[in-house]
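Worksheet: the structure to be examined is printed underneath.
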Amino acid sequence: DAGVTQSPTHLIKTRGQQVTLRCSPKSGHDTVSWYQQALGQGPQFIFQYYEEEERQRGNFPDRFSGHQFPNYSSELNVNALLLGDSALYLCASSRYSGVNTEAFFGQGTRLTVV
Amino acid sequence: DAKTTQPNSMESNEEEPVHLPCNHSTISGTDYIHWYRQLPSQGPEYVIHGLTSNVNNRMASLAIAEDRKSSTLILHRATLRDAAVYYCIPLPTGANSKLTFGKGITLSVRP
């Protein structure tokens, strides 16, 4: 089992550009959540996808959008990049169920905006 | 979301037990207490969770205070690989509640 895989691992973009990050969930998982982690801080929840729809959203602007595909993989898009968007972006997958189950995280994509 | 308070950092010696505290005085009666840890240059990983009773698994033990306003993650024999940031997260009951991370405790392990 490959676990949660994210691509790319590192990325450098220029302010104002757009970026797409990708995530493949752990086998058997149907829910994908995205988190942003600034240096020295804990991860902050961006949004969650289940059944190809955004189910929950954190306090992030509309520049952050996402998508989930029928195979449960997901993309995170960020438009009009700001220097402050530089961070580690983490994807977590889980199985949608009636009680909380553990989330499995990928190793993240390190985004640097210059 | 319930607020959590944890010390910024702790140190331990290898092969000694470690007790990592967390205060969550505003926790709801139905919130589970989850612990995750994040090793250097990796994503967070699940450690353990519980509701009222103490819990054990292969990684750690979780001791929950009777009033549920605090909990302690116990690593029975710390190894160098346990050096990480540890987060306690009260999690509402329900499908796929989002994880709300604080700053966590940075655990250093001395050889």
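For the range B:38-52, which positions are more than 11 Å from the chain's Cα centre (by Cα), open to solvent by less than 40 Å² (accessible area, probe 1.4 Å) and more than 9 Å from chain A (Cβ to nearest Cβ)?
B:LEU39
In this structure, does B:LYS103 turn out to be surrounded by fewer than 21 Cβ atoms within 10 Å (Cβ to Cβ) and in contact with a Gly (Cβ under 7 Å, 6 or more places away or on another chain)?
Values: surrounded by fewer than 21 Cβ atoms within 10 Å (Cβ to Cβ): yes; in contact with a Gly (Cβ under 7 Å, 6 or more places away or on another chain): yes.
Against the criterion (surrounded by fewer than 21 Cβ atoms within 10 Å (Cβ to Cβ) and in contact with a Gly (Cβ under 7 Å, 6 or more places away or on another chain)), B:LYS103 qualifies.
Under 6 Å between Cβ atoms, at least 6 apart or on separate chains: pull out the pairs that start in the range A:1-13 with a residue that is under 11 Å from A:SER93 (Cβ atoms) and end on any residue that is open to solvent by 40 Å² or more (accessible area, probe 1.4 Å) and among the hydroxyl-bearing types (Ser, Thr, Tyr).
Once the first residue is under 11 Å from A:SER93 (Cβ atoms) and sits in the range A:1-13, its partners that are open to solvent by 40 Å² or more (accessible area, probe 1.4 Å) and among the hydroxyl-bearing types (Ser, Thr, Tyr) give A:THR5/A:SER24.
Which residue pairs have Cβ atoms closer than 8 Å, lie 6 or more positions apart in sequence or on different chains, and pair a first residue in the range A:42-53 that is of a type in the set (Ser, Thr, Tyr) with a second residue that is at pLDDT below 95 and not in a strand (DSSP E or B)?
Pairs found: A:TYR50/A:ASP30; A:TYR50/A:TYR96; A:TYR50/B:ASN96.
Going through the range B:59-91 one residue at a time, which ones are open to solvent by less than 50 Å² (accessible area, probe 1.4 Å) and within 13 Å of chain A (Cβ to nearest Cβ)?
At the first step, the residues of the range B:59-91 found to be open to solvent by less than 50 Å² (accessible area, probe 1.4 Å) are B:60-65, B:68, B:70-75, B:78, B:82-91.
Of everything in the range B:59-91, those that are open to solvent by less than 50 Å² (accessible area, probe 1.4 Å) and within 13 Å of chain A (Cβ to nearest Cβ) turn out to be B:ALA84, B:VAL85, B:TYR86, B:TYR87, B:CYS88, B:ILE89, B:PRO90, B:LEU91.
Restricting to the range B:16-33, give me the number of residues that are open to solvent by less than 10 Å² (accessible area, probe 1.4 Å), within 14 Å of B:THR5 (Cα to Cα) and part of a strand (DSSP E or B).
First pass over the range B:16-33, keeping only residues open to solvent by less than 10 Å² (accessible area, probe 1.4 Å): B:18, B:20, B:22, B:24, B:33.
Next, from what is left, pick out any that are within 14 Å of B:THR5 (Cα to Cα): B:20, B:22, B:24, B:33.
Checking the rest, the ones that are also part of a strand (DSSP E or B) come to B:20, B:22, B:33.
Of the residues in the range B:16-33, 3 are open to solvent by less than 10 Å² (accessible area, probe 1.4 Å), within 14 Å of B:THR5 (Cα to Cα) and part of a strand (DSSP E or B).
Restricting attention to the range A:63-85, and to residues there that are among the small types (Gly, Ala, Ser) and surrounded by fewer than 19 Cβ atoms within 10 Å (Cβ to Cβ), which single residue is nearest to B:PRO44 (Cα to Cα)?
Of all residues in the range A:63-85, those among the small types (Gly, Ala, Ser) come to A:65-66, A:73-74, A:80, A:84.
Add one more test, that the residue is surrounded by fewer than 19 Cβ atoms within 10 Å (Cβ to Cβ), and what stays is A:65, A:73, A:80, A:84.
On the way: A:SER65: 23, A:SER73: 19, A:ALA80: 28, A:GLY84: 22 Å.
It comes out as A:SER73.
Among the candidates A:SER74, A:SER94, A:SER86, single out the residue that is within 11 Å of A:TRP34 (Cβ to Cβ) and small (Gly, Ala, Ser). Reasoning before the result, please.
Numbers: A:SER94 fails: within 11 Å of A:TRP34 (Cβ to Cβ); A:SER86 fails: within 11 Å of A:TRP34 (Cβ to Cβ).
After applying the criteria, what remains is A:SER74.
Does the range A:30-37 contain at least one residue that is at negative phi and open to solvent by 60 Å² or more (accessible area, probe 1.4 Å)? Don't jump to the end; show me each part of the working.
Just the residues of the range A:30-37 that are at negative phi, to begin with: A:30-37.
Going one step further and asking which of them are open to solvent by 60 Å² or more (accessible area, probe 1.4 Å), we end up with none.
Taking every residue of the range A:30-37 in turn, none turns out to be at negative phi and open to solvent by 60 Å² or more (accessible area, probe 1.4 Å).
Here is a list: A:ARG22, A:ARG55, A:ARG15, A:ARG95. Which entry is modelled with pLDDT of 95 or more, more than 11 Å from the chain's Cα centre (by Cα) and open to solvent by 40 Å² or more (accessible area, probe 1.4 Å)? Give the steps one after another, and end with the answer.
Details: A:ARG22 fails: more than 11 Å from the chain's Cα centre (by Cα); A:ARG55 fails: modelled with pLDDT of 95 or more; A:ARG95 fails: modelled with pLDDT of 95 or more.
None of the others qualify; the one that does is A:ARG15.
The values are calculated or read from the model by the stated rules, or taken from the named source; none is laboratory data. What you are looking at is a predicted structure, and each value in this text was computed from that prediction instead of being measured. Every residue, glycine among them, receives a Cβ derived from its backbone with ideal geometry; neighbour counts consider all protein chains shown. For the accessible areas, the whole protein counts, side chains as well, though only heavy atoms, and no ligand, DNA or RNA atoms are used. Shrake-Rupley method; radii C 1.70, N 1.55, O 1.52, S 1.80 Å.
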